[in-house]
Protein chains: 2
Amino acid sequence: MKPSVDWSLYLVADPQACRRRTVDEVVRLAVAGGATVVQLRDKKSSTREYLQQARRLHDVLAPLGVPLIVNDRVDVAMGAGCEGAHLGQSDMPADVARQLMGPDALVGLSVDTEDELLAADGEVVDYVGVGPVFATSTKSDAGAPLGARGLRRFRSRTGLVIVAIGGVQAANAAGVIRAGANGIAVVSAICSAEDPQRAAAALRSAVEVGRGRGAPSG
Amino acid sequence: MKPSVDWSLYLVADPQACRRRTVDEVVRLAVAGGATVVQLRDKKSSTREYLQQARRLHDVLAPLGVPLIVNDRVDVAMGAGCEGAHLGQSDMPADVARQLMGPDALVGLSVDTEDELLAADGEVVDYVGVGPVFATSTKSDAGAPLGARGLRRFRSRTGLVIVAIGGVQAANAAGVIRAGANGIAVVSAICSAEDPQRAAAALRSAVEVGRGRGAPSG
């Protein structure tokens, strides 16, 4: 059965962005602070290293019920027994990934434009990563920021789960949720933080504030 | 059922090495000249491009009964419906690839040392790519050439199908077969050839000569 996912705080764990600690340390701390989903993104390592890293993280996350999603590499996701794959527009088409991974896998898709959003098939894709919401230095090839207004427009065009990415921080996360995102995704806001657990906790609180619930009790 | 494969002439089609023609053209011509297996190797393209290229080649090769093997990317191989995957020592472990691809897929493994050869599991791997047999400029990170003597030593240590790679040309291919290789693999000898069909035919003839059969009649 497809796992039920809390999309509130989605960490994109990228070794390139983890300057102070290993990816493993960052992920452990982020989850302790309140991250609810983790994506492993590694554009540099060999397939074997990517697979080994995914397995290590999955060993940590599976007992906690936190899904692990692998960026781009459906083979790595499947080989490491991960919960899903996240696909960009130049990665494997989502329907092919779905066919390989089966109905229970989580399949996510990055959409930067309304055309890409409307092309995303709700029968195939579990969520869309929408961004950049704000200006960001992590992805230098990203388009112009959507802002809260653009995010609202996207929200009005789809019933899919939206995870908002790009320049999201504790200071603006509540507004992102109010604009209609189901969750926020961050890279450097946690990976590069001096204290990833605290950074995650602050982001998670902001998400709950955006939902009008105040800080989480847990 | 696993396809029965003629390993005689194994073309590694790499866009980086195809300087005069497209990969599609090179592959068509090589098969017309006598190539019996094709591997697509692309270390540069996006997953989507790799998948599209694999599909295009598979459309050409499947009706001819020539298996298409994808380098490194098990997901691309599976997504494009290819016959197999070829794995290096830093790619996905062969047993994981076998598990994902099923019993009928062709799984190949590059081995550069006797230790790697002895570690190759005959229950998992269909063939080993052994090399470099001779000095080659295509893979600058390759180890010292094995020569015919090294190849004979490898032959004496395994019952697996050996495809010999690295600096193999029409002039030395017969000796490579006599040293115990089941087939020869080439990159630039075909990809960079002025006339890939003629280059393939010359290589194929040399393989048959090495087997003591003279040139193929077809």
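B:G84 meets the conditions (1) away from chain A (no Cβ under 12 Å); (2) out of contact with any strand residue (DSSP E or B) (no Cβ under 9 Å at 6 or more places or on another chain); (3) not β-branched (V, I, T) in every case but one. The failed one is (2). Scanning the stretch A:118-167 for residues that are among the hydrophobic types (A, V, I, L, M, F, W, C) and touching a residue at least 60 places away in the same chain (Cβ under 8 Å) gives A:V161, A:V163, A:I165. Within the stretch B:109-123, being hydrophobic (A, V, I, L, M, F, W, C) and either within 14 Å of chain A (Cβ to nearest Cβ) or over 19 Å from B:W7 (Cβ atoms) (or both) holds for B:L109, B:L118, B:A119. Comparison of A:T136, A:T113 shows that the only residue that is polar (S, T, N, Q) and surrounded by fewer than 19 Cβ atoms within 10 Å (Cβ to Cβ) is A:T113.
When you scan the stretch A:18-29, do you find a residue that is over 10 Å from the mean Cα position of the chain (by Cα), surrounded by 23 or more Cβ atoms within 10 Å (Cβ to Cβ) and over 23 Å from A:A97 (Cα atoms), even just one? Yes, some residue in the stretch A:18-29 is over 10 Å from the mean Cα position of the chain (by Cα), surrounded by 23 or more Cβ atoms within 10 Å (Cβ to Cβ) and over 23 Å from A:A97 (Cα atoms).
The rows are residues; the columns are (1) surrounded by fewer than 21 Cβ atoms within 10 Å (Cβ to Cβ); (2) in a helix (DSSP H, G or I).
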site: A:I162; (1), (2): no, no
site: A:Q169; (1), (2): yes, no
site: A:I184; (1), (2): no, no
site: A:A200; (1), (2): no, yes
site: A:S205; (1), (2): yes, yes
site: A:V209; (1), (2): yes, yes
site: A:G214; (1), (2): yes, no
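May I ask you to verify whether A:A148 is out of contact with any strand residue (DSSP E or B) (no Cβ under 6 Å at 6 or more places or on another chain) and aliphatic (A, V, I, L, M)? Let's see the steps before the verdict.
On the way: out of contact with any strand residue (DSSP E or B) (no Cβ under 6 Å at 6 or more places or on another chain): yes; aliphatic (A, V, I, L, M): yes.
It is true that A:A148 is out of contact with any strand residue (DSSP E or B) (no Cβ under 6 Å at 6 or more places or on another chain) and aliphatic (A, V, I, L, M).
Could you say whether any residue in the stretch B:3-11 is part of a loop (DSSP other than H, G, I, E, B), modelled with pLDDT under 95 and either buried (at least 24 other Cβ atoms within 10 Å of the Cβ) or basic (K, R) (or both)? Checking the stretch B:3-11: not a single residue is part of a loop (DSSP other than H, G, I, E, B), modelled with pLDDT under 95 and either buried (at least 24 other Cβ atoms within 10 Å of the Cβ) or basic (K, R) (or both). Going by what's in this entry, would B:L64 be described as under 19 Å from the mean Cα position of the chain (by Cα) and surrounded by 19 or more Cβ atoms within 10 Å (Cβ to Cβ)? No; evaluated as a whole, the condition is false for this residue.
Restricting the stretch B:88-108 to residues that are crowded, with 18+ Cβ neighbours inside 10 Å and more than 12 Å from every other protein chain (Cβ to nearest Cβ), the residue that is farthest from B:R41 (Cα to Cα) is B:A105.
Count of the stretch B:186-198 residues, restricted to those that are crowded, with 21+ Cβ neighbours inside 10 Å and outside any helix (DSSP H, G or I), is 3. Go through (1) surrounded by fewer than 21 Cβ atoms within 10 Å (Cβ to Cβ); (2) within 14 Å of chain A (Cβ to nearest Cβ) one by one and return the number of the condition B:Q53 breaks. Answer for B:Q53: the failing condition is (1).
Determine, yes or no, whether A:A77 is surrounded by 23 or more Cβ atoms within 10 Å (Cβ to Cβ), within 13 Å of chain B (Cβ to nearest Cβ), out of contact with any Cys (no Cβ under 6 Å at 6 or more places or on another chain) and closer than 23 Å to A:I165 by Cβ. Here the answer is yes, as A:A77 does meet what is asked.
The values are calculated or read from the model by the stated rules, or taken from the named source; none is laboratory data. Owing to the predicted nature of the structure, the values given are computational and were not obtained by experimental measurement. All Cβ positions, glycine included, derive from the backbone under ideal geometry; neighbour counts span all protein chains shown.
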